[in-house]
Amino acid sequence: MKKAALLLAAILLLMHPAAAACLVTGEAYGVGAAAAIVMEAESGEVLFAQEIHRQLPMASTTKIMTALLTLENVSDLSAVVTAEASDFENVTADSSNAGIKLGEQVTVKDLLYALMLPSANEAAYMLARHVGGSWEQFVDMMNERAAELGCTGTHFCNPCGLHEDDHYTTAHDLYRIAKQAMKDATFRDIVSTVQHRMAKTNLHEERIILTTNQLIFSSFQPWSYANCLGIKTGHTSQAGNCFVGYAEYGDAKLFSVVLGCSSSSKEYPTIAASFTDTKSLCQWGFENFTSKTLARQGEEVTYTKVKLSTDTNQVILTAKNDLVSLLPRELDVKDLELQSDIPEEVDAPIKAGDTIGSVTYTYDGRDYGTVELVALNDISRSTVLFYADKLSSFFQSIVFKVLLLAAAAFFLLHIFTGLVFGGVRRRRRRRSSRSRYNDSTYQRRHRK
């Protein structure tokens with residue numbers, strides 16, 4: 001039934017390429033997980049979604065965060081951690097472990113392998129204590145780091161994933177945590193490893209530990225998946241079967257998360273549905289979406305106007321780097337729309353490689369990637385045009401307008417005061433003349 005639903009959905013997508021650009025919901029495929037998501041690794045494009053923000057217990061997929069914090073805070077992976085009684089207090093006897101004993105001295109690197117392959121709970125508590133000082137302080141670090149990564153539906157109560165009512169996450173948050181962890185080369189090496197030989201310790205001979213990831217455990221099994229390169233399993237009776245996956249096919253890279261799956265798949269009753277659902281979802285993603293190059297480094301994209309140069313009046317803008325994105329297989333790159341974010345004009349001088357703007361490739365309202373645009377060649381500045389522009393800008397500036405207004409006001413004030421005080425002086429001279437004329441001494445002098 002599930003295969004038929006998958007086939008039907010794939011046919012519909014091929015018939016209507018634009019529909020493939022839309023977020024696909026789990027109801028179309030009959031995925032049995034309580035929550036599931038498939039994301040394109042580079043762009044973060046959601047290819048498949050089912051209850052991706054629903055808060056659910058996540059069992060040992062918790063250990064992705066434990067490993068991430070360890071790798072971010074421990075520079076020397078050869079450092080030795082001694083197992084203490086507190087490391088075993090919260091670990092149930094029937095839970096997954098690596099057989100580490102009280103007082104045993106194990107390197108951080110071997111503890112990371114024990115954490116991620118056989119999902120050893122005692123290793124989780126040892127690492128938490130080593131990094132945080134105590135596992136309680138480490139849990140605070142886990143919650144703080146989750147918030148930094150943008151996780152809004154996650155809360156940790158312990159470093160291993162054993163069930164607690166207030167210990168939960170979402171499919172989308174787990175993707176965020178896993179994507180950050182996969183940036184670390186050591187983490188990538190660990191989660192893609194089938195078996196690891198732990199070094200001899202003070203209490204144990206060399207031992208081989210095996211992964212619980214059935215998709216990579218054996219290439220001879222029908223449920224194995226060669227494109228899978230990790231990441232982490234999880235299971236408790238409350239959480240069901242969980243799996244965070246990462247797969248590559250050609251240039252395409254996918255993250256996947258399934259939570260709350262059955263312990264038995266329809267195709268293979270002895271294998272948890274978390275594995276078969278993951279394989280089906282990733283295969284569907286690779287079959288219906290493909291990596292396509294939207295822009296190549298140095299490729300001409302557009303142009304914009306140039307000021308202050310006599311060499312040219314425009315600059316050609318090229319892609320700063322290659323831009324590869326996962327597109328619906330039937331969607332042609334030529335059908336994508338370009339949304340430019342570039343200035344209408346730029347001032348010379350310009351150097352080849354100067355970043356001038358960017359362009360985003362979209363289709364049907366969805367973004368498929370953004371690339372920065374850089375100048376193709378050098379463009380020199382004309383000194384004459386530069387100073388002419390400065391002068392023109394000055395004449396158009398607020399400062400010039402204020403000075404002009406001040407000068408006009410001063411001129412008007414000068415004229416006004418001249419008129420006022422000039423009239424006053426003339427009236428004073430006339431009064432002075434009349435006074436002298438009326439003066440008796442003045443009259444007698446002039447009669448003679």
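Key figures for this structure:
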| item | result |
| --- | --- |
| Cross-link partners of residue 266 among aspartates and glutamates (Cα-Cα below 20 Å; sequence separation of 8 or more within a chain) | 27, 277 |
| Surface accessible to a 1.4 Å probe, residue 303 within the full protein complex, Å² | 130 Å² |
| Rounded accessible area of residue 307 (nearest 10 Å², 1.4 Å probe) | 60 Å² |
| Pairwise label distance in nanometres, residue 410 with residue 143, each label 7 Å out on the Cα-Cβ vector | 6.8 nm |
| Overall form of the range 181-302 per C-alpha gyration tensor (a/c, 1.5; a/b vs b/c) | oblate |
| Projected label distance in nm at residue 340 and residue 84, using a 7 Å step from Cα toward the beta-carbon | 6.3 nm |
| The range 283-337: GluC sites (Glu not before Pro) in DSSP loop, at most 15 other beta carbons within 10 Å | 299 |
| With all protein chains modelled, accessible area of residue 126 [1.4 Å, Å²] | 0 Å² |
| Over 22 Å between alpha carbons, listed pairs 305/351; 109/183; 63/179; 183/253; 179/334 | 179/334 |
| Calculated from backbone phi, Karplus (6.51, -1.76, 1.60) coupling profile of the range 230-235 in Hz, x at Gly/Pro | x, 10, 8, 8, x, 7 |
| Extension gain, residue 192 back to residue 55 (0.36 nm per residue minus Cα-Cα distance, nm) | 46.6 nm |
| Distance in nm between pseudo-label sites at residue 101 and residue 205 (7 Å out along the Cβ direction from Cα) | 1.3 nm |
| Difference of contour (0.36 nm per residue) and Cα-Cα distance, residue 367 to residue 398 | 7.0 nm |
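The values are calculated or read from the model by the stated rules, or taken from the named source; none is laboratory data. Bear in mind the structure is a predicted one, so any value in this text is a computation, not a measurement. Here the Cβ is made from the backbone with ideal geometry for all residues, glycine too, and neighbour counts use every protein chain on show. Only protein heavy atoms, including side chains, enter the accessible area calculation; ligands, DNA and RNA are left aside. Shrake-Rupley method; radii C 1.70, N 1.55, O 1.52, S 1.80 Å.
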